[in-house]
Every structure is written in C-alpha cells, then in structure tokens.
Amino acid sequence: MAAKRALIMHPSDNVATSVDAIQRGDAVAVPCQGTTITLEAIEPISFGFKIALADISAGALIRKYGETIGTASRPIAKGEMVHIHNLDGTRARGDLAKGRTS
Amino acid sequence: MSFQGYVRPDGSVGTRNYVLVIPPGFVAKSICDLVVGTKTFHGVDHGAGRTANDRETIARTLIGLGRNPNVASVIVHTASLGSDYPELRAERIAEEIRRSGKRVEILDPSKEGGTYGAIAKGIELARLMVHEASKMRRQSVGDEHLTLGVKCGSSDTTSGIAGNPAVGYLYDKVVAAGGTAMFGETTEIIGAEHLLARRAASPEVAKALLDAVHLQEEKAKATGLDIRTVNPLPSNIKGGISSLEEKSLGAIHKAGSAPVQGVLKYSERPPGKGLYFVDNWMGHLSIFAGYVAAGANLVLFQLGGGGISGRTTLESSPTVVTPFLWCTANYKTHEAARDSIDFYSGTVIDGSETPDEAGERLYRSVLDIASGTLSRSETLNYAEPVEIYLQEPRF
C-alpha cells in the first residue's frame, strides 16, 4: 500500500502536516529537498494535523515554516500527533503573565 | 497585464461603478431600495458618545468609501449621523470626498420638507446620478491601478500551506507591477512579526510594525487569559492549528515577499504604491470596509474551513462597493460550497499544480473580476452590517 503523505514547510522543521487520513501504523512519506523522509505514524493523524518527525523532549522548541510555533508541553515521540495536548504556544499568554506577577 | 476599469477624475480606477449614499440609515436605505446601481450599508455605530479618535475613524471611513474608485458619485444626507460632532457633519464629509473630483450632493431633510421629502428628492437625484454614471465606459488600464485587501479566516493548516501562498503570489505580482496591496490582522502576526520587520522598507516602518504588535500583545496579556481560549479560534484548532504563532506564521504567507512600505491605521489611505500592513482587527464585519475605505478596488477572503461544517453557501463580508472573492485550499470547503468559491488552490496540496501555477490562476481570476465579471458573492443581494473598527471606550 502506498505511503500516506505529509508536507514539511522548511528543512529545519521537526513536524510535518498530514495531507491524508493517516492511520496508526501507516508509513508516512514526507518529501523534503529532493529526497523523502519516511516514518511510521504511531497514532491516527487526520488531514491538516501535524506529525512529529523526531523525538521531541519536554520544553523543546517545535518548529514549522522554519520558525518556532511553540514548545513541547511533554515528551513527544517520533510519529506522534502534535497538537494542543502536547504543544504550548508561548506568545500573548495572559495566563502566564498573571502567574509571574501575582 | 491589464484590466478594464472606470478611470476617475483623480486618476484612480474603479472595478465597479456605483452611486454611494451615506451615512447609513433610513434615508439611505430607502433611496437604495428603489434605485438600481446605488449602494449603502448598515452600520452599528453612529458616533454618539465616542471619543475624538473614534469619531475621526468613522469620518475617515465614510470619506474613504466616498473616495473609493468604485464610486462614480455620492449623496451625503444629513438625517442620521453624527449627533452634530464637527468631524461627522455632512458638509465636512462631502467636502473631503469632493477633493477627489467626484460629484457629491448633500441631501438635507430640513430643506426638503422632512424625511419623506428627503427620500423623494434623494430618489430623483440618485436616478439622475446612476444614469449619468452609466455613460462611463471601461478602459484598458495597467495592474498598477489594482488596490487589494485580504483577510484569511476560518484558518486551518491548508491556509498556510497552499491558500495564503497563492494570495502571496498574487500580491507579489501586483506589487511588482506597481500596484498596491494591503494586509493586516495585528493579533495574527504575533509570532511572525520579526519576519515582516526584516522586510520593512525603512527602520521606522520596522519599528512601527513591531510597536503595533507589542501593544496588541500587551493588551492580550492584560486580560489574564490564555490567548488560546480566544485566538486561535476553536474552528482553527479543529482545523489543526495548535498555537497563535503557528496561525501567524501561516497567515503572513498571504502578504507575499515584497518590502513592507508602511503601517496604516484602519481605513487610512496608503500614501504610495506597494505592500502595506494595516494595524486592524480580523473581524470580517470590520476589516473589509476598512480596506475599501482605504481605496481597495478588489478584496479577497482566503478561507480555511477545517472547523466549519454544513455551510454550503457563503455570503460575502460587507464591502459596500468592492467585489469580494472567496478563496480556499481546503478540498472539503470547496466541495461543500462549490457555488460560492471563486478560487481553489487545494491543487497545490494534491500535487496537481505548483504554488506558482495556482497563484497565476488566481491572478487571472482577479483581472477577470476586476474587469466586470461578477464574483460569486456579488450574485447575492445580501450584506451584513459594517462594524467600523473603534478601539476606545465609549461614554
């Protein structure tokens, strides 16, 4: 069966965006700079959601478009979905600003 | 390349040819209901109890709508706006629109025997004015006469990958041809502002852009809320966007790669050609009217839609006199609302087109609609009210 597809936006990214209905155990092909990164999805990843391209430790930066889109709120395994349950945005966080000042 | 447009006395070029009746209200609505070729809008704020800055924003918006090149001539009535604040007086609004060389008529109920008298007189005037406007012919003009505005909304991960890059291609092409293009949504560049600041035409522009973002981020923090409970919106999160930074980094692709020439206020006219950032708010009832008041003769809504279901018909956002295009790169949105979508770039995701090929197709669609082909939403006789972007407390 053909590999499912995910798109990487910049070579330095550690996540790619699924453009297929990826099931657990699927092989996922990520075209990148003329070659293809292949990895196994360890959980289902719907169209438009992100898959980790490498193990990401808690607190590490998560990169897409070659830029930081947040930090890992817990360890993330290669092939896992990356979304609000394991990614924390860091900008405009009034809740954190409040915690620091009170 | 070129499009077919209406050349106005000040040299600007319209993609449409309307008679505008302002301010909004009973008189304007009554005239426009009866006379073809006229436009007005519904508004939610007439300025009462507003600060000087906010009143000036309302005035700038009304004047800007009148000066928009899609307007042939204007009727300003004195019946519903302003509570006699000097900024909002009909004479002032009319005088500033007249500087563009257009015909502007003032309609005063106190001189026409009251409201019904003003409506009767307005109908008579408007009929003559649309007839006069209909004698104008489109002429072939260059792309430098395009002034564009864009918003991305219901964003999902297709927006950053394929939808916004197609708009970015269009923006680069129009700016390179000497045209003008505006983008904005200050909250939605938080996390991407450093990339835009690097493209600023001068250190002053970079500072203005960073200052606008800093102020907005401080306002967000002052709420004490986790911004993710507000923005990204639940529909964005359902569409795969995980943080405000991710949304912003996808959103700025719609601005292409040209230098940023300046930072504008809501409904402020760009002082020159090129790409401008507008310090505005993303709300669709607000943002487009601001672009149109700043002179936009065509606007685009780049729609994700990953979190939207069941919407099979899309009406336009209020643009008063300017054609509005729906664009999307999400195949589900396109399948659901085929009759409403003007441009689809999901082809970039399925690999059947390159981003540049999709962008080129969008550019051709824009020239076609600028030349008179109706955008899909222009075929619906419906407009939501305009919410002019006012930021100060009211009293």
Collect the residues in region B:25-59 that are over 21 Å from the mean Cα position of the chain (by Cα) and of a type in the set (D, E), keeping them in residue-number order. B:D33
All conditions in (1) in contact with a strand residue (DSSP E or B) (Cβ under 6 Å, 6 or more places away or on another chain); (2) within 12 Å of chain B (Cβ to nearest Cβ); (3) assigned to a loop (DSSP other than H, G, I, E, B) are true of A:G79 except (2)
Subset of region B:164-210 [within 18 Å of the chain's Cα centre (by Cα), outside any loop (DSSP other than H, G, I, E, B) and within 30 Å of B:V141 (Cα to Cα)]: B:N164, B:V167, B:G168, B:L170, B:Y171, B:V174, B:V175, B:T180, B:A181, B:M182, B:F183
Testing A:I69 on (1) surrounded by fewer than 16 Cβ atoms within 10 Å (Cβ to Cβ); (2) β-branched (V, I, T); (3) touching a helix residue (DSSP H, G or I) at 6+ places or on another chain (Cβ under 7 Å), one condition comes back false. Which one is that? (1)
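Can we say A:P31 is within 11 Å of chain B (Cβ to nearest Cβ) and more than 13 Å from the chain's Cα centre (by Cα)?
Numbers: within 11 Å of chain B (Cβ to nearest Cβ): yes; more than 13 Å from the chain's Cα centre (by Cα): yes.
Yes: the conditions hold for A:P31.
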Can you name every residue in region A:40-55 that is of a type outside the set (G, A, S), open to solvent by less than 40 Å² (accessible area, probe 1.4 Å) and farther than 21 Å from B:D350 by Cβ? A:L53
Restricted to region B:216-264, and to residues that are in contact (Cβ under 8 Å) with a residue 24 or more places away in the chain and open to solvent by 40 Å² or more (accessible area, probe 1.4 Å), which residue is farthest from the other protein chains (Cβ to nearest Cβ)? B:Q261
Unique match (being away from every other protein chain (no Cβ under 13 Å) and either loosely packed, with under 13 Cβ neighbours inside 10 Å or assigned to a strand (DSSP E or B) (or both)) among A:R24, A:R5: A:R24
Residues within region A:8-21 that are loosely packed, with under 15 Cβ neighbours inside 10 Å and either without any contact (Cβ under 8 Å) to a residue 40 or more places away in the chain or within 14 Å of chain B (Cβ to nearest Cβ) (or both), tallied: 3
Check every one of the helices (runs of 4 or more DSSP H) wholly within region B:44-146 and list those with 3 or more residues that are in contact (Cβ under 8 Å) with a residue 40 or more places away in the chain and within 29 Å of B:I287 (Cα to Cα). B:52-67, B:115-133
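The values are calculated or read from the model by the stated rules, or taken from the named source; none is laboratory data. From a predicted model like this one, the values you see are computed outputs, not experimental measurements. With ideal geometry, Cβ positions are generated from the backbone for all residues, glycine too; neighbour counts draw on all protein chains shown. Side chains included, ligands, DNA and RNA excluded: accessible areas come from the protein's heavy atoms. Shrake-Rupley method; radii C 1.70, N 1.55, O 1.52, S 1.80 Å.
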